[in-house]
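Structure first, commentary second.
The values are calculated or read from the model by the stated rules, or taken from the named source; none is laboratory data. Keep in mind that this is a model prediction, so the values were computed, not measured. Glycine also receives a Cβ, built like all others from the backbone with ideal geometry; neighbour counts cover every protein chain displayed. For accessibility, only protein heavy atoms count, side chains too; no ligands or nucleic acids. Shrake-Rupley method; radii C 1.70, N 1.55, O 1.52, S 1.80 Å.
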Amino acid sequence: MPRPSPSLLESKFQPQLGARAQVARSRLAPLPALLEGTVKAVTVVAPTGYGKSTLMAQWHAALAAAEPRRVCVAWLNLDENDNDPARLLRYLYGALGKCVPTLATEAVREISRTANLPVLLEDLSIRLAANEQPIVLFVDDAQVIVNPDSAGILEWLLSHAGTQLRFVVGSR
């Protein structure tokens, strides 16, 4: 599996779970509509400590382990620093690079090449739409994004990245 650029924090690309034992939620399996593409996004919303990240991590693991692999899965933990649009875009390239290898290697170069956000988003959307395998991107802690430009990046991808990209978004 491709690795993100060394200038990106690897911990942003994997579920961050506590040391406590996880509660199995067998009745809350990944939605078939998400896998089939009839649903573009699923939100998991609850107060702190209710198990949003744990449920999302279980879905992530189930989809990653499924044979035959129907979708490629990627994960992105958001934090307050992702309110910088260039940083958020770098990490989106890195996360999605788990499924589209050229994105992982080009993330930093692409963002530093141009500051034109619409051009970067169109390029990313075109690359994702050309990918043959559907991608489910898990985005955790979406509530930290308060900058309208950073929120706009996520909205753009949801609206324009094509049917191959689907989202599972966790938020308080």
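Filter the range 74-90 down to residues that are of a type in the set (A, V, I, L, M) and in a helix (DSSP H, G or I) and give me whichever is farthest from residue 136 (Cα to Cα).
Applying the first criterion (of a type in the set (A, V, I, L, M)) to the range 74-90 yields 74, 76, 78, 86, 88-89.
Right, trim to in a helix (DSSP H, G or I) and you get 86, 88-89.
Details: 86: 22, 88: 18, 89: 17 Å.
Of everything passing the filter in the range 74-90, 86 is farthest from residue 136 (Cα to Cα).
Just name the residue that is surrounded by the most Cβ atoms within 10 Å (Cβ to Cβ) out of those in the range 137-172 that are hydroxyl-bearing (Ser, Thr, Tyr) and either touching a His at 6+ places or on another chain (Cβ under 8 Å) or outside any helix (DSSP H, G or I) (or both). Outline the logic, then answer.
Residues of the range 137-172 hydroxyl-bearing (Ser, Thr, Tyr): 150, 159, 163, 171.
If we keep only those that are either touching a His at 6+ places or on another chain (Cβ under 8 Å) or outside any helix (DSSP H, G or I) (or both) too, we end up with 163, 171.
Numbers: 163: 11, 171: 16.
Top of the filtered list is 171.
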query = Is at least one residue of the range 45-53 over 20 Å from residue 12 (Cα atoms), at pLDDT 90 or above and not in a strand (DSSP E or B)?
reply = yes
task = Sort through 121, 88, 92 and tell me the only one that's out of contact with any helix residue (DSSP H, G or I) (no Cβ under 6 Å at 6 or more places or on another chain) and either exposed (fewer than 15 other Cβ atoms within 10 Å of the Cβ) or at pLDDT below 95 (or both).
result = 92
ask   = Among the numbered criteria (1) farther than 18 Å from residue 120 by Cβ; (2) open to solvent by 20 Å² or more (accessible area, probe 1.4 Å); (3) modelled with pLDDT of 90 or more, which single criterion is violated by residue 31?
value = (3)
